[in-house]
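Input: a single structure, listed below in C-alpha cells.
No value in this document is a laboratory result; all are computed from the given coordinates. Given the structure is predicted, the values throughout are model-derived calculations rather than measurements. Backbone-built Cβ (ideal geometry, glycine too); neighbour counts: all protein chains shown.
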Amino acid sequence: MSMISKILFGPIRTGMEANRPVLYRIAYAWCHDAALADDLVQEALAKAWARRAQLRDEASLKAWMVSIMNHCWLDHLRGRREFDDVDALQDEIESGADTPEVCCNREQVIACVRAAVARLPLGQRQVLTLVDLEEFGYAEVAGILDIPVGTVMSRLSRARASLKITLDNAAKQHAAQPALRRVK
Amino acid sequence: MNAVISNETLHAFVDGELDVAESEALTARLRSDETLAQRVCALRSLQSMVRLAYAEPPVSTGGKSLVAPRRQIMQRCAMGCLILIAGLSGGWVLRSLESDVVAGVSAPAIGGFQAVSLSRVADPDRVMLHLDSAAPERMQAALDQAERLLDEAEREGRAMQLEIIANSHGINLMRAGVSPHAARMARMSQRHANLQWVACSQTIARFTGEGQKVELLPITRAAPTAIGEIVTRLQQGWTYVRV
C-alpha cells in the first residue's frame with residue numbers, strides 16, 4: 001500500500017500522512033475539542049498538500065505542517081470571534097474551562113493538567129504544547145508561530161509558572177478538603 | 001558563579017537549548033545546589049505531566065463512522081484497480097524503483113556489527129566504536145574489532161581513522177590501574193597512528209563524585225561528553241558502531 005502511494009504521490013505524501021497523529025495531538029492541546037481538532041488537522045493536511053511546492057527542506061516537514069495548522073487555527077478564531085486582532089487575543093483569551101479540581105489518580109491528573117493548560121492564554125498554550133509535546137527547539141517554535149525567540153522564551157516561562165501555580169493550588173485544595181472515602 | 005539562575009535559563013536547560021559548555025556548568029552546579037536541583041526536578045515533572053496529559057488525546061466521534069464502511073469498499077476497489085494498472089503497465093519501472101529503494105534502506109554492517117551512518121553508504125575509513133559496559137567479553141570484542149578493522153585497512157592501503165569511545169562502565173577500559181588490556185592498547189596505539197581513545201568527562205566526573213579516583217591511561221583523551229562526541233562525529237560523516 002505505502003509502496004504504491006509512494007510511487008503515485010511521491011514520498012512527501014506518506015510523510016504528511018505520518019504526521020497526522022502529531023498534528024492531532026497539538027491541535028487537541030490547543031483547542032481541547034476533538035471534533036474541531038480533527039477539522040483543523042484535515043484542513044492543514046489539505047493545505048499542506050496543495051502547497052507542497054513551497055516546502056523547501058523536507059527535513060522540516062513537521063514544523064512546516066504545524067505552522068500551516070497554526071494559520072488554520074488563527075483563521076478559525078478570526079471567523080468565530082467577530083474581531084480580527086488575533087495578536088491581542090494571544091495574550092488575553094483564556095478558554096472557559098473550569099478550574100482544575102481534585103487530582104489524584106491517573107485519569108484525574110490528565111483531566112486536571114488538560115484543564116490547567118486550557119486556561120492558559122492562547123499564545124502561551126501554543127508555545128508550551130509545541131515545546132513539551134513535540135520537543136520543537138525554541139527557534140523552530142519561533143518559526144512556526146512567526147514570533148521572536150525571546151517571546152517564545154518568555155511565554156514558555158510564564159506558561160510553566162502559571163501551570164505550576166494552578167496545579168499546586170489544585171493539589172492543596174485536595175489536601176485541605178479530604179473527599180469522602182469510600183469504605184468497602 | 002553563585003548568581004541566581006533565571007527561570008528562562010533553567011527552562012532552556014531542561015529543553016536542551018543551552019550549548020554544551022553552559023549545560024555542563026549547570027549540571028555541575030546541580031550536584032551541590034539542592035534548591036536548584038529541586039527547581040529542575042519540578043520543571044521536569046511538570047513537563048512529563050503535560051506529556052502524559054496529551055499522550056492519548058480523545059478521538060473525535062463525528063458522523064464519519066457511518067460512511068466509513070462503504071467508503072472503505074470503494075477505496076479497496078480503487079486500490080485494487082491501481083495495483084492492477086501498476087502491475088500491467090509499469091512492471092519494469094516498478095522493479096527498478098523497488099530495488100533502488102531496498103538498496104537505500106539496507107543497514108550497513110561492519111564486521112558483523114550493526115553500523116549507523118547519516119549518509120547512505122557507511123564510510124569504512126572513519127569509524128567509531130562505542131563501549132558502555134565493563135563486561136570482559138565486550139571489552140575484548142571492542143579491541144578485537146578495532147584491530148581487525150585497522151589491519152584490514154592497512155592491507156588494502158587505506159588511511160583509516162578509528163576512535164574508541166567509552167562511557168559509563170566502559171570507561172574502565174581506559175583507566176590506569178584498572179584496565180585489563182593496558183599493554184595491548186599501548187601496543188595498538190604504537191602501531192596505528194590514527195587510533196584514538198576517547199573517554200567521557202561526564203562519566204569521570206560521576207565516578208569522582210562517588211569517591212573513586214579516575215586516572216586515565218596516557219594514550220587516552222577526554223571529551224566533554226561521549227554522546228556529544230558521537231553526534232559531532234556522525235555529523236562529520238563518521239560511521240558509528242556500538243560494541
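Estimated at 0.36 nm per residue, the fully extended path between B:Ser168 and B:Gln236 surpasses their Cα-Cα distance by 22.1 nm.
Arrange A:Val66, A:Val127 by Cβ neighbour counts within 10 Å, fewest through most, would you? Mind dumping the intermediate values first?
Working: A:Val66 26, A:Val127 29.
Ranking A:Val66, A:Val127 by Cβ neighbours within 10 Å, fewest first, gives A:Val66, A:Val127.
For B:Val178 and B:Glu154, what is the calculated FRET efficiency with R₀ set at 25 Å and r taken between the beta-carbons, to the nearest 0.05?
Working from the Cβ atoms, E equals 0.25.
Remark on B:Arg126: its backbone amide H falls under 5 Å from those of B:Gln161, B:Thr239, a criterion applied only to residues 5 or more positions apart or on other chains, H modelled at 1.01 Å from N. Of the residues A:Cys31, B:Cys41, the one with the fewest other Cβ atoms within 10 Å heads the list, and the complete ranking is B:Cys41, A:Cys31. Amide H contacts for B:Leu216 (H built 1.01 Å from N in the peptide plane; partners 5 or more residues away or on another chain; cut-off under 5 Å): B:Ala176. Arranged from fewest to most other beta-carbon atoms within 10 Å of their beta carbon, A:Leu40, B:Leu234 become B:Leu234, A:Leu40. With Cβ to Cβ distances under 12 Å as the rule, what net charge do the other residues near B:Arg29 carry (K, R +1; D, E -1)? Residues near B:Arg29 contribute -2 overall. Mind listing which trypsin sites (Lys or Arg not before Pro) in the range B:195-243 are in a DSSP loop and have 13 or fewer other Cβ atoms within 10 Å? In loop regions of the range B:195-243 (DSSP not H, G, I, E or B), the sparsely surrounded trypsin sites (Lys or Arg not before Pro) are B:Lys213.
The H on the amide N of B:Arg242, modeled in the peptide plane, is under 5 Å from the matching H of B:His130, each at least 5 residues off or on a different chain.
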